[in-house]
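J.: Below is a structure I'd like to ask you about.
The values are calculated or read from the model by the stated rules, or taken from the named source; none is laboratory data. Fair warning: this is a prediction, and the values are worked out from it, not measured in the lab. Cβ atoms come from the backbone with ideal geometry, glycine included; neighbour counts cover every protein chain shown. Note: accessible area is taken over every heavy atom of the protein model, side chains too, but ligands, DNA and RNA are not part of it. Shrake-Rupley method; radii C 1.70, N 1.55, O 1.52, S 1.80 Å.
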Amino acid sequence: MVRTGDRLPIDSVPGGTTLLCVGPPMAGKRRLALRLLADGATDDDTTVLVSTDSSTAALRAEYESALDGASPAVGIVDSAGDAYGEATDNEWTRHVSMPAELGNVGSAVLDLLDTLGEGRDASVDRIGVLSLTTLALNADVDQTIRFVHSLSRLVEERSGFAVLTAHENSFSKTDLGQVEALVDGVVYTREGTDGLEVRIEGLDGGQEWSSVPISTAPRSELGVPQPATPASGTSEPTGATTDLAFDSLAELIAQVDGDRPTLTVCNRESPDDRLETVRAFFEDLDIDVRETELAAENPRDVALLHRGPVQMASSPLSQLASGVETANADDDPFATRRGPDVLEALHERVFGARGVEKQFLIDASTAIEMTAWQTGGGQLLAGFQHLSRYWESQRSRRVMHRIADAGVDVHIYGVPDVVPTVDRPNVTIHPDSSTEIEESWFVTYDGDGRTDRTGTLVVRETDPEVYEGFWTYEPSISRDVFRYLRDTYGVLEETGQQAPS
């Protein structure tokens with residue numbers, strides 16, 4: 001049996017159990033997951049955490065703060081490493097360039113379990129995935145479901161314990177049902193009057209809501225040490241310079257989109273179905289696939305990934321198609337593999353959003369908002385197109401209030417189709433009737449002066465409920481968006497008020 005302490009209505013679960021924690025963002029499910037993994041951990045145990053939205057140092061410190069005197073081996077699979085500038089593996093860390101590479105995420109988990117658990121005969125393997133929402137943002141939902149299936153099988157085979165988190169409404173009802181069918185128990189979470197409340201399905205915990213002793217305070221208030229990333233103290237993101245120069249958000253979107261890589265297939269000899277396999281995969285990543293016949297005899301049947309005239313990688317088309325089929329196959333993502341060079345080169349930190357579903361954009365903005373809440377300082381600018389979308393949405397106001405309560409200076413922009421009153425300390429409302437504000441949905445966070453905490457989403461509504469744009473953790477782009485919004489629409493020093501239109 002694996003102890004869960006006093007964090008659930010049940011105090012232990014059988015070895016081989018995988019739990020899924022589902023609930024609204026910023027309600028405490030991440031902290032609950034870490035506490036469940038930490039409670040009962042011994043010096044002989046091995047823990048591996050999969051990070052998709054925070055730096056390795058921050059997640060390690062957060063987990064270690066939840067331990068009660070034990071010193072288990074703690075490894076981290078960091079699939080956000082490119083975004084946070086940490087790309088070097090060591091004994092305790094494995095980096096995966098992006099969360100979409102679920103096969104590499106799985107094999108890295110297994111590698112760390114075996115490496116750190118060597119000689120620990122009486123150990124319990126503990127795995128935390130934080131979170132499935134970010135994985136599903138970057139990978140196909142079917143791939144995410146297969147990943148959960150393989151993870152739960154691994155945990156069962158090793159008599160271990162795993163906890164996964166997901167924001168509610170991140171999956172369709174059907175897809176969430178498939179995920180829930182693959183785990184041993186689902187822990188639903190919500191905010192109650194006295195803190196976090198949970199309800200368990202699939203284990204002998206009953207169906208009633210009950211309170212658990214988990215703080216919903218931001219990480220900055222828990223005494224968790226921050227990673228040794230120097231803060232500049234500036235009021236805007238810092239980072240490397242960028243060549244972007246724009247006079248509107250539409251122009252920015254066009255420039256970012258124009259800087260995305262292209263896959264060009266040269267002198268094709270492979271059959272049409274191989275090309276279509278590759279094309280479908282890359283179009284899901286918002287990367288154009290083109291075909292050309294070169295006058296030169298060579299190269300033959302090769303795929304070139306390039307940004308403008310600069311080549312990033314090349315692979316034989318047949319090899320690339322096989323790599324894509326392997327990535328999409330219903331097999332074991334925990335098997336060690338290396339993909340073709342073109343797939344290995346997909347280290348994009350700017351993710352395109354063209355014709356995507358609205359829920360996808362909500363999840364992307366939530367990931368940035370979560371970063372702001374966890375950091376507990378700096379400024380967050382959010383454009384809702386119309387103020388009614390903020391003011392009349394209980395979910396939106398709750399999230400922004402939680403971020404503001406953490407110490408972030410929040411600024412809300414929108415066409416004044418409602419007249420909100422004073423909202424809350426640290427929240428400033430900016431009514432603006434410009435066409436750009438009406439068309440644009442944006443969230444940008446300055447990172448409180450830290451390049452490892454910035455994030456930006458910018459999209460335009462081109463047709464009703466149809467959007468195009470991007471989201472990114474690239475500090476230089478966040479800095480430029482922040483400057484543009486500040487200079488064009490204003491960021492007042494006073495808070496808790498309605499800014500003059």
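J.: May I ask you to say which residue of Asp259, Asp288, Asp273, Asp284 is open to solvent by 20 Å² or more (accessible area, probe 1.4 Å), within 18 Å of Val324 (Cα to Cα) and at pLDDT below 80?
T.: Asp284
J.: If you check Ala296, Ala231, which single one turns out to be among the small types (Gly, Ala, Ser), modelled with pLDDT under 80 and in contact with a helix residue (DSSP H, G or I) (Cβ under 7 Å, 6 or more places away or on another chain)?
T.: None of the other options fit; the residue is Ala231.
J.: On to the next question. Only residues that are among the β-branched types (Val, Ile, Thr) and surrounded by 16 or more Cβ atoms within 10 Å (Cβ to Cβ): list them for segment 163-194, please.
T.: Answer for segment 163-194, where residues must be among the β-branched types (Val, Ile, Thr) and surrounded by 16 or more Cβ atoms within 10 Å (Cβ to Cβ): Val163, Thr165, Val179, Val183, Val186, Val187, Thr189.
J.: On to the next question. When the residues of segment 413-442 are narrowed to those that are out of contact with any helix residue (DSSP H, G or I) (no Cβ under 9 Å at 6 or more places or on another chain) and in contact (Cβ under 8 Å) with a residue 24 or more places away in the chain, which ends up least open to solvent (accessible area, probe 1.4 Å)?
T.: It comes out as Thr428.
J.: Every residue in segment 370-406 that is at positive phi, open to solvent by 10 Å² or more (accessible area, probe 1.4 Å) and modelled with pLDDT of 90 or more, please.
T.: Gly378
J.: Further question: Scan segment 450-489 residue by residue and report those that are part of a strand (DSSP E or B) and charged (D, E, K, R).
T.: Matches in segment 450-489: Arg460, Glu461, Asp463, Glu468.
J.: What residue, among those in segment 255-281 that are under 18 Å from His306 (Cβ atoms) and acidic (Asp, Glu), is nearest to the chain's Cα centre (by Cα)?
T.: Asp257
J.: Since Val50 meets every condition but one in (1) modelled with pLDDT of 80 or more; (2) farther than 21 Å from Asp363 by Cα, which condition does it not meet?
T.: (2)
J.: Give me the residue from segment 124-161 that is within 19 Å of the chain's Cα centre (by Cα) and over 14 Å from Leu102 (Cα atoms) and, out of that set, surrounded by the most Cβ atoms within 10 Å (Cβ to Cβ).
T.: Top of the filtered list is Ile127.
J.: Under 22 Å from Ala364 (Cα atoms), of a type in the set (S, T, N, Q) and in contact with a Cys (Cβ under 8 Å, 6 or more places away or on another chain): which single residue out of Thr165, Thr144, Thr133 fits that description?
T.: Thr165
J.: Among the residues of segment 37-50, is any farther than 15 Å from His167 by Cβ, touching a Phe, Trp or Tyr at 6+ places or on another chain (Cβ under 9 Å), open to solvent by less than 30 Å² (accessible area, probe 1.4 Å) and among the hydroxyl-bearing types (Ser, Thr, Tyr)?
T.: There is at least one residue in segment 37-50 that is farther than 15 Å from His167 by Cβ, touching a Phe, Trp or Tyr at 6+ places or on another chain (Cβ under 9 Å), open to solvent by less than 30 Å² (accessible area, probe 1.4 Å) and among the hydroxyl-bearing types (Ser, Thr, Tyr).
J.: If you don't mind, another one. So how many residues does segment 247-262 have that are without any contact (Cβ under 8 Å) to a residue 24 or more places away in the chain and part of a helix (DSSP H, G or I)?
T.: 4
J.: Return the residue satisfying two criteria in turn: it lies in segment 1-28 and is out of contact with any Phe, Trp or Tyr (no Cβ under 9 Å at 6 or more places or on another chain) and open to solvent by less than 30 Å² (accessible area, probe 1.4 Å), and of such residues it is modelled with the highest pLDDT.
T.: Taking the candidates together, the pick is Leu20.
J.: Select from segment 303-343 the residues that are assigned to a loop (DSSP other than H, G, I, E, B) and modelled with pLDDT of 75 or more and list them in ascending order.
T.: Listed by number, the list holds a single entry, Pro340.
J.: Are any of the residues in segment 61-69 in a strand (DSSP E or B), modelled with pLDDT of 80 or more and in contact with a Leu (Cβ under 9 Å, 6 or more places away or on another chain)?
T.: No, segment 61-69 contains no residue that is in a strand (DSSP E or B), modelled with pLDDT of 80 or more and in contact with a Leu (Cβ under 9 Å, 6 or more places away or on another chain).
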